[in-house]
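Just below is one structure, and these are the notes that go with it.
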Amino acid sequence: MRVAIECTEGDKVMRAEGYTKDISAKGCLAVVPQAFAVGLRVRVINLVNQNASDAYLIWRGHESPAGWEMGIELHEPMEDFWGLDF
């Protein structure tokens, strides 16, 4: 599923678009072309249905040609954030 990750640093909004490798009701494993710091509070946007949720980066894996693997925990997401039933 296509996603965007956004965070604010000072008055600047950083945004990276990528895709998920795995999703759950409470988070996802995403691949994005930009590395973000573990522990950072971000906003995740589901680019398929435009739903958005606050989240935390809880894990950063290896970099591949496609980008960085990121473990993301959604913070109080709406029930149908992904548009799927779990």
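Data overview
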quantity: Condition check for MET70: hydrophobic (A, V, I, L, M, F, W, C) and outside any strand (DSSP E or B); calculated: no
quantity: Of all residues in region 17-30 being hydrophobic (A, V, I, L, M, F, W, C) and crowded, with 19+ Cβ neighbours inside 10 Å, the one that is farthest from GLU63 (Cα to Cα); calculated: ILE23
quantity: Failed item, numbered, when ALA52 is tested on (1) closer than 21 Å to LYS12 by Cβ; (2) touching a residue at least 12 places away in the same chain (Cβ under 8 Å); calculated: (2)
quantity: Residue among GLY83, GLY67, GLY39 that alone is modelled with pLDDT under 95, at positive phi and either among the acidic types (Asp, Glu) or over 11 Å from the mean Cα position of the chain (by Cα) (or both); calculated: GLY83
quantity: Wholly enclosed strands (runs of 3 or more DSSP E) of region 1-53 bearing at least 1 residues more than 13 Å from GLY71 (Cα to Cα); calculated: 2-9, 12-24, 41-46
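The values are calculated or read from the model by the stated rules, or taken from the named source; none is laboratory data. Note that the structure is a prediction, hence the values are computed from the model and not measured. A quick note on method: Cβ atoms are made from the backbone with ideal geometry, for glycine too, and the neighbour counts reach across all protein chains shown.
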